[in-house]
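Since the structure comes first, as structure tokens, the remarks are kept for the end.
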Amino acid sequence: DGGITQSPKYLFRKEGQNVTLSCEQNLNHDAMYWYRQDPGQGLRLIYYSQIVNDFQKGDIAEGYSVSREKKESFPLTVTSAQKNPTAFYLCASMPSLNTGELFFGEGSRLTVL
Amino acid sequence: EDKVVQSPLSLVVHEGDTVTLNCSYEVTNFRSLLWYKQEKKAPTFLFMLTSSGIEKKSGRLSSILDKKELFSILNITATQTGDSAIYLCAPRGNFNKFYFGSGTKLNVKP
């Protein structure tokens, strides 16, 4: 089935550890996005990528890093520099750069102890 | 600065009521506006609006966009408990960036 797969769904880490969240899509979509959602809030953009080997910072990129080496993959690393990493992380993709809506994965819930 | 404001932030109604959710925006190089429903995890797509004044409908849900006044509304008629969710609007602007509002949390009571 076509879709966006995020893993892991739940993740616990100790403070100071880097964490990488996986996002894979088999929809052949060009653009991919990472959003963060905190309780009672909307989605805030962390990073996005419109083509392979290129990505741009969103509104809250500090403490995060990404790569886009393959069209289908857009992993997010939450580094120890992120002050408050506990949140729900959503990955999304869009079919083309000119039109369409965002398709979302099921999300990854990160808890830093 | 690009911004999106949704209102109300939360709403409690009874089954059968009609609700109107609001989304106002200021986005550079506006291209389209999306509405999503989020129940537990992944938001699910409802509507994409690109032109003013053209209502989009899907069952009991409908939405319309006003590009002059920079707002959109989402209407839900004859609400059901299954409509309970967070409703998010997301205008699309420069560089294919989507700006999400904080959402409206709808609670439909039996």
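The values are calculated or read from the model by the stated rules, or taken from the named source; none is laboratory data. Everything numeric in this text was worked out from a predicted model, so none of it was measured. For neighbour counting, all protein chains shown are included, and Cβ atoms are generated from backbone atoms with ideal geometry for every residue, glycine included. The protein model used for the area step is the full one, side chains on, heavy atoms only, and it has no ligands, DNA or RNA in it. Shrake-Rupley method; radii C 1.70, N 1.55, O 1.52, S 1.80 Å.
With the full set of protein chains in place, find how many percent of the accessible area of the range A:36-113 is carbon and sulfur; take the probe as 1.4 Å.
Numbers: 1710 of 3490 Å².
Here it works out to 49 percent.
Where only protein heavy atoms count, and the probe is 1.4 Å, what is the accessible area per residue for the protein assembly as shown in Å²?
On the way: 10880 Å² over 223 residues.
I get 49 Å² per residue for the protein assembly as shown.
In nm, to one decimal, how far is the B:Glu1 label point from the B:Lys57 one, both placed 7 Å along Cα→Cβ?
Inter-label distance under the simple model: 4.0 nm.
Can you bin the range B:51-110 into rounded, prolate or oblate? Criterion: square roots of the alpha carbon gyration tensor eigenvalues sorted a ≥ b ≥ c, rounded for a/c under 1.5, prolate for a/b above b/c, oblate for the rest.
Values: a/c = 2.76, a/b = 1.54, b/c = 1.79.
Since a/c reaches 1.5 but b/c is at least a/b, the shape of the range B:51-110 is classed as oblate.
Hey, what's the per residue convex hull volume over the C-alpha atoms of the range A:1-97, in cubic angstrom? Write down the numbers at each step before the final one.
Numbers: hull volume 9.8 nm³, N = 97.
That works out to 101 Å³ per residue.
Give the carbon-plus-sulfur fraction of the accessible surface of the range B:53-92 in %, rounded to a whole number; probe 1.4 Å, heavy atoms of protein chains only. Before the final figure, lay out each step's value.
Working: 970 of 1840 Å².
The computed percentage sits at 53.
For chain B, evaluate the Debye formula with one uniform point scatterer on each Cα (no solvent term) and list log10 I(q)/I(0) at q = 0.15 Å⁻¹, rounded to two decimals.
Values returned for q = 0.15 Å⁻¹ are -0.58.
Could you tell me the relative contact order of the range B:1-96? Use alpha-carbon pairs under 8 Å, at least six residues apart, and round to a whole percent. Walk me through the intermediate numbers first.
On the way: 194 pairs, mean separation 34.1, N = 96.
RCO, the range B:1-96: 36 percent.
Which FRET efficiency value, to the nearest 0.05, do you get for A:Glu69 and B:Asn94 by plugging their Cβ-Cβ distance into 1/(1 + (r/R0)^6) with R0 = 25 Å?
Numbers: r = 25 Å, r/R0 = 1.02.
Efficiency computed from Cβ-Cβ geometry: 0.45.
Which of the lysines could a cross-linker bridge to B:Lys105, judged by Cα under 18 Å and excluding same-chain residues fewer than eight apart?
Result set, ordered by chain and number: B:Lys37, B:Lys40, B:Lys41.
Of all alpha-carbon pairs in the protein assembly as shown, indicate the percentage at a distance above 29 angstrom.
Working: 6644 of 24753 pairs.
Result: 27 percent of Cα pairs exceed 29 Å.
Chains A and B: buried accessible surface, both sides, probe 1.4 Å, rounded to 100 Å²? Write out the running numbers ahead of the final one.
Numbers: alone 6400 and 6290 Å², together 10880 Å².
The contact between B and A buries close to 1800 Å².
Alpha carbon centre of the range B:74-90 versus the range A:28-96: separation in Å?
About 27 Å separates the Cα centre of the range B:74-90 from the one of the range A:28-96.
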